[in-house]
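Before any comments, here is the structure.
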Amino acid sequence: MKKLIKSSDTLDFIKDGDTLLVGGFGLSGTPLTLLDEIADSNKKDLTVVSNNLGEAGRGLGKLLLAGNLKKAVGSYFTTNRDAVEAWNRGELEIELVPQGTLAEAIRCGGAGIGGFYTKTAVGTKIADGKEEKVIDGERYIFEKAIKGDVAIIKSLKADTLGNLIYDHTGRNFNPLMATAAKTVIAEVDEIVEAGEIDPHHVVTPHLFVDYLVESKYVKKGGVYVESV
Amino acid sequence: MNQSDRVKIAKRVVEELPEGAVVNLGVGIPTLIPDYLDGKKVYLQSENGLLGIGPTPDEEHVNMDLISASKKPITMDTGASLFDSADSFVVIRGGHVDAAVLGALQVDRYGEIANWAVPGKKILGVGGAMDLVAGAKKIIIASTHQAKNNQPKLVEKLTFPSSGVRKAEMLVTEHAVFKFTEDGPVLIEKLSDISMAELREITGTEFKEKIKI
């Protein structure tokens, strides 16, 4: 199975200064094992695109504390106190993007579309400096597509080809990010033989997925804890 | 503000939700609404990719991958569906949410909303607030009449950063229900014993009255 790699191999695909798309909504649907590898490495100046920065000291929060990050692009950072403090000290750049704009920008990035006009944020501070256009009598602003060098995503189950399914709302940004980066690495809880996932149920077709990594976390009481 | 006032607001908002509506609930008072539907069937949508939020699970059935947009554990209602964030915002931005019930820091006399940032404080979170304001078919603001510092929420002009040019249709507080028009707010119902003079006193802008009898 050529797609399966060790979690530490992930680091071979990430260069200093890269843009990383990181799946998840808070800690839900987040590739915790891959993030641990990056936090333990000396990668630096990374830009991460993710809805949040995990939680303080957890998920992407670990990369912040480890000094891997230059910039965060996402919709909600106030729930991670470390992110607020790092921004205050001038150690972290933040680009705030409305959640729907973030999702659509990544979708466009993966679909070969350069950008799009949206009504979201018209007339707000987030629209400052952005092109405005009236279409059929309504005001829209232009938002550019988002692409990454590497996407790290989290899936519940993969088959050996790399077809993916997700755990409930753990799906969130993961399928979009799978389409929008040069290299896509999926952390998975379980790998089954090709053919064992009903084609009707496949959410991310295997062509989008370059590598699979087995998660080192197991779920206990509904929450991921590191396995021994 | 006491819990019974918050419940009163939630119950009054429920009256505005049509049977079978697709509804998105913001943080704060709107989160009380599922407990006061009183048999009315609505489909609750969550930004992170679910239509059909069910009751809160007991501790044994918590799954961190089945959560609300506020990152609280939830369950799925019968007939629920799951989708990714892009499709979830197709629902929101494409005008497929029948009603969004949102909290607000301020609302101006025409229904323009400020619900994401406080002036002079760092602005590091917006979430789906602006998408809902731009895209929902109907926006109902569910809020206390005054902020904690007794400043009115319904104001002449926003002093907090706007969430978008799209206006809310309605404001429900513990004292009153307002509809927004091009001429400003219209009081359509009083929900407490407050006198009209007192209500005008604690409201930050002029309003007309068109109370149903």
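Here's the picture: charge each Lys and Arg Cβ at +1 and each Asp and Glu Cβ at -1 in the range B:57-165, and of B:Ser70, B:Ala129, B:Gln106 the one pushed furthest to the positive end of that dipole is B:Gln106.
Computed over Cα pairs, the Kirkwood radius of chain A leads via Stokes-Einstein (0.692 mPa s, 37 °C) to a diffusion coefficient of 183 µm² per second. Within the accessible area of the protein assembly as shown, the carbon and sulfur atoms contribute 49%, probe 1.4 Å, all protein chains present.
Derived value for chain B: Kirkwood hydrodynamic radius 17.7 Å. Basis is the mean of 1/r over every pair of different alpha-carbon atoms.
Probing with 1.4 Å while keeping every protein chain in the model, the per residue accessible area of the range B:22-159 equals 42 Å². The modelled label-to-label distance for the pair A:Lys133/B:Thr159, using points 7 Å beyond Cα in the direction of Cβ, is 3.9 nm. In the protein assembly as shown, what % of DSSP beta bridges are antiparallel (nearest 5)? Taking every DSSP beta bridge within the protein assembly as shown, about 45 percent pair in antiparallel fashion. Rounded to the nearest 5, what % of the DSSP beta bridges within the range A:116-217 are antiparallel ones? Antiparallel: roughly 40 percent of the beta bridges in the range A:116-217.
Counting only other chain Cβ atoms within 10 Å of each residue's Cβ, the peptide A:211-222 averages 2.
Result for chain A in a Gaussian network model with C-alpha springs under 10 Å: among A:Gly195, A:Gly57, A:Gly67, the largest mean-square fluctuation is at A:Gly195. Annotation: Cα Rg of the range B:139-207 relative to the compact-globule expectation 2.2 N^0.38 Å equals 1.06. Pairing chain B with chain A buries about 3500 Å² of accessible area. This figure sums both sides and uses a 1.4 Å probe. Couplings 3J(HN,Hα) of the range A:175-182, computed from phi: x, 5, 5, 4, 9, 10, 9, 5 Hz, in residue order, whole Hz [Karplus 6.51 cos²θ - 1.76 cosθ + 1.60, θ = phi - 60°; x for Gly and Pro].
Using C-alpha pairs below 8 Å separated by at least 6 residues, the relative contact order for chain B is 18 percent. Hey, what angle do you get for helix B:3-16 against the long axis of chain B, alpha-carbon based, 0 to 90 degrees rounded to 10? Taking the Cα atoms of chain B, the angle to B:3-16 is about 80 degrees. For the range A:120-155, accessible area lost to neighbouring protein chains reaches 50 Å² or more, against the chain alone with a 1.4 Å probe, at A:Thr120, A:Thr124, A:Lys125.
For the range B:43-58, a decrease in accessible area of 50 Å² or greater in the assembled protein chains relative to the isolated chain, with a 1.4 Å probe, applies to B:Asn48. Based on DSSP loop calls and a cut-off of at most 15 other Cβ atoms within 10 Å, the longest stretch of chain B free of exposed trypsin sites (Lys or Arg not before Pro) is what? For trypsin sites (Lys or Arg not before Pro) (loop position, at most 15 other Cβ atoms within 10 Å), the longest site-free span of chain B is B:42-120.
Let me see the pair-distance distribution of the range A:12-52: every alpha carbon pair, 10 Å bin width, integer percents in order. Percent of pairs per bin, in order: 28, 59, 14. In the range B:100-126, comparing the full protein assembly with the chain on its own, the residues that lose 20 Å² or more of accessible surface at a 1.4 Å probe are B:Trp116, B:Lys122, B:Ile123, B:Leu124, B:Gly125, B:Val126. Accessible surface for the range A:29-184, divided over its residues, is 38 Å² per residue with a 1.4 Å probe.
In terms of overall dimensions, the range B:99-191 has a Cα radius of gyration and Dmax of 12.4, 37 angstrom.
Over 20 Å apart at the Cα level, from the set B:Lys179/B:Lys210; B:Lys11/B:Lys40; B:Lys71/B:Lys148; A:Lys157/A:Lys182; A:Lys70/A:Lys216; A:Lys125/B:Lys157, are B:Lys71/B:Lys148; A:Lys157/A:Lys182; A:Lys70/A:Lys216. Around the Cα centre of the range A:42-165, unit charges on the Cβ atoms of Lys, Arg, Asp and Glu (plus for the first two, minus for the last two) sum to a dipole of about 320 debye.
With viscosity 1.306 mPa s and temperature 10 °C, the Kirkwood radius over alpha carbon pairs of the range A:139-223 converts through Stokes-Einstein to a diffusion coefficient of 117 µm²/s. Working from the Cα coordinates of the range B:23-100, the gyration tensor eigenvalues give, after taking √(5λ), semi-axes of 19, 16, 11 Å in decreasing order.
Where q = 0.06, 0.07, 0.08 Å⁻¹, what log10 of I(q)/I(0) comes from the Debye formula for the protein assembly as shown, counting one point per Cα? For the requested q values the scattering log ratios are -0.26, -0.36, -0.47. Taking the longest Cα principal axis of chain A as reference, the axis of helix A:99-111 is set at about 70 degrees. Extension gain, A:Ser8-A:Phe142: 0.36 nm per intervening residue step, less the Cα-Cα distance, totals 44.4 nm.
The values are calculated or read from the model by the stated rules, or taken from the named source; none is laboratory data. Just so it is clear, the model here is predicted, and its values are computed rather than measured. Cβ atoms come from the backbone with ideal geometry, glycine included; neighbour counts cover every protein chain shown. Each accessible area value is taken on the protein alone, full model and side chains, heavy atoms only, with ligands, DNA and RNA left out. Shrake-Rupley method; radii C 1.70, N 1.55, O 1.52, S 1.80 Å.
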